[in-house]
Structure formats: structure tokens, C-alpha cells
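First the structure, in the form of C-alpha cells, and then the observations on it.
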Amino acid sequence: MSNPRLVRSVWASVAGVVLLAGCAFGSHQPSPRPAASGSKSRPAAPAVASPAASPKVPPLIRSLRVVPAAVSQGDTVDIRLSFNAAPAAWQLTVNGTPYPAYPVGVDRYRLLLGTDPWSATGSFQVLLSARGPAGTVQAATGYRVLPRAYPRRTVTLPSGKVALLSPQVGQEEEALAGAALAVRTDRQLWSGPFQEPIPGAPIDSPYGEQGVYNGRLEWFHGGVDFTAKTGTPVHAAAAGMVTLARHLPRGGDTVIVNHGQGVFSEYLHLSRSEVAVGQVVSAGQVVGLVGATGLTTGPGLHWGVFVNGIPVDPLSWAQNPPA
Ligand SMILES: [Zn+2]
């Protein structure tokens, strides 16, 4: 089926033109994502490959599992692993692509992987290799990404904002936001489900909505748009640290919050931000006020959640987040 290079190429071309709906946003940056395996078969069951050196010595790898074993495009894959003793070295790959995992306890780690409407569907193999006193051992498991149908609509942008669609503007945006989304923090800063940033506000454009922009560009919506009046307070979805608070060409006045372990939330089109880079925020803290800045057709908030660089469905983090 597809290969990682092809997927990245498609992704890059899409990110270059824009991924917007109603407001602006798809994604800030191309992100590595595994290609699906050719087989549509069920994922292999976890299996420690190496024979035990001695019945009295527990295997180096204690567990490797994916929760859940199947997700839909837009969901987050939760890969957990643990060791019975600290290995000398270890590596976690998904269909051959290595990913960093974050500590969640003594000799326990987790990798959260985002998926989106551009993610390949099918089966993915998760392979854990670890080196210990008895040599290198491996464990394998897998998961499936299932297609999800998204609504489609056509949007016409005012002529005064069409220039924001140029590839040059897209590159500038990606350079600015990409750095803020690439900050690595080992510690989990959030706790529990994410809060919607404007409680009770109606949704104007859902995540994943696809469309033809001014009759020619296709995109998917990388977040959720809420309808709200200019000046409405925007609250942090969860605790974290601000990694960006500035004007972006398409995002307008934008705040990005780092929640740790590769998870970020973003708030676009603000009339004003109320936080500064480096500031620690608590869940529900006001980070800015609703506006109509950047690539948007009117006042409202675009809320996005990124996991390992992939814009996932923010509502999945409000309703059914990883534990
Ligand atoms: Zn939006």
C-alpha cells in the first residue's frame, strides 16, 4: 500500500496550501506518521520473542500494549510499555519508524500518537526492542486505524484574505508554530479530560470537515471552531506551559500551550492574548479573548489539540482522553 515517503509528500503538499475551514486551520507542520501495513488482518497479539534465560529470571520486557487496539482517524493511539528491570537500551517503533516514549512510572513508558483524516488506515505494527544482560529481546503488538467519514462543505473567503493562502505565508506560519509544537517535555502536565475553552459555546465548524476553498483547494479542519462574540474569555483546556503567544499570519493572535509528553493545545484568532511564553497556566485559566484575527471569516475561536505533531479531534480529549 502506501509508504512513509509518499504519505509525507502528500502531507507536505497539503500543509503547504492550507488546511482550513471557516476560520483557517489544518495543521502547522508536516509530521512523521507511519504508513499502514499492506495487510488488513488483525494486529498480532503481544508476544515476547526471546526465550527466558532462566525460569527464575523474569523477562526484561514486562508488557507492551495499545489502548484501544483500534482507533478512528482523529483519535489518539495510546501505547504503553514496561520493563521488569531497566534495560541498557531500548527502542520503540511503529511500522519501522522510531518514536520517543515518555516515562509514566518506574520502568514504565507511554507513547501517544495522534491520527487525523490524512493518516493511513489499516494495520500498524508496534515493535519494542530492549537490550539487557541476556541480550536483545523484542515484543510486538499492533493496532488498526479505521476510516472516519467527515462532513464536507464549500467556503468562500473574502478577497482581502486570499493572500494568506500563499505557500510563502504557510511556510512562515509553520516555522513559527512548528517550533512551539516541537518542544519536548517528559512530564505529563495535564490531568483528566480537557475542558472546552468556551464552555457551552456552539460549534460552528467541527473537526475534520473537508471542503473546497474558493473553488479549488481541498483541506480538512484541524480543530473545532466555536461561535462566540469578540472579547469572550478563552480558557486553557488543561494545565500546561505557554510555548507561543504572538500573532501568526493565518492563526491571527495565537496561544499554544504545552501539556507535556507531546500534547499541545492551540487557540487561534484571538483579539488579545492574556499570557506570555514560559508562563505556567492551570486548567480553565483565561489565556486570551475571542477575536477575528488571521484567516477567519468572523469572530470565533479555533481550538486545536496536537499529539506528536498531528492535529487530533479536540473533543476526543474532552470526552474520552488517554488515562
Ligand atoms: Zn478552525
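Within region 228-250, the set of residues being part of a loop (DSSP other than H, G, I, E, B) and aliphatic (A, V, I, L, M) comprises Ala228, Ala236, Ala237, Ala238, Ala239.
Within region 263-272, identify whether any single residue is touching a residue at least 40 places away in the same chain (Cβ under 8 Å) and among the basic types (Lys, Arg), and answer yes or no. No, region 263-272 contains no residue that is touching a residue at least 40 places away in the same chain (Cβ under 8 Å) and among the basic types (Lys, Arg).
Per the listing Thr185, Thr227, the residue uniquely polar (S, T, N, Q), assigned by TED's automatic domain parsing to the domain that holds Gly294, surrounded by fewer than 23 Cβ atoms within 10 Å (Cβ to Cβ) and within 13 Å of the ligand (Cβ to nearest atom) is Thr227.
Against the list (1) more than 30 Å from Ala149 (Cα to Cα); (2) of a type outside the set (Phe, Trp, Tyr); (3) buried (at least 24 other Cβ atoms within 10 Å of the Cβ), the condition Pro311 fails is (1). Look at (1) within 13 Å of the ligand (Cβ to nearest atom); (2) over 21 Å from Thr76 (Cβ atoms); (3) at pLDDT 90 or above and you find that Pro197 fails only one, number (2).
Within region 251-296, the set of residues being part of a loop (DSSP other than H, G, I, E, B) and either farther than 22 Å from Thr227 by Cα or among the β-branched types (Val, Ile, Thr) (or both) comprises Gln261, Gly262, Val275, Ala276, Val277, Gly278, Gln279, Ser282, Thr293, Thr296. Where strands (runs of 3 or more DSSP E) fall wholly inside region 114-171, the ranges with 2 or more residues that are surrounded by 20 or more Cβ atoms within 10 Å (Cβ to Cβ) are 122-132, 135-146. Checking each residue in region 206-224 for being assigned to a strand (DSSP E or B), within 11 Å of the ligand (Cβ to nearest atom) and either of a type in the set (Asp, Glu) or at pLDDT 90 or above (or both) picks out only Val224. A Cβ distance below 8 Å, combined with a sequence gap of six or more or placement on separate chains, defines the contacts here; from region 96-110, residues that are outside the structural domain of Arg65 (by TED's automatic domain parsing) and loosely packed, with under 13 Cβ neighbours inside 10 Å reach no residue that is hydroxyl-bearing (Ser, Thr, Tyr) and assigned to a strand (DSSP E or B). Would you call Leu146 farther than 24 Å from Leu301 by Cβ and touching a residue at least 12 places away in the same chain (Cβ under 8 Å)? Spelling it out, Leu146 is indeed farther than 24 Å from Leu301 by Cβ and touching a residue at least 12 places away in the same chain (Cβ under 8 Å). Looking only at region 255-286, residues that are touching a His at 6+ places or on another chain (Cβ under 7 Å) and either of a type outside the set (S, T, N, Q) or more than 16 Å from the ligand (Cβ to nearest atom) (or both) come to 5 in all.
The values are calculated or read from the model by the stated rules, or taken from the named source; none is laboratory data. Bear in mind that the values here come from a model prediction, so they are computed numbers and not experimental data. Please note: Cβ atoms are built from the backbone with ideal geometry, for glycine as well, and neighbour counts cover all protein chains shown.
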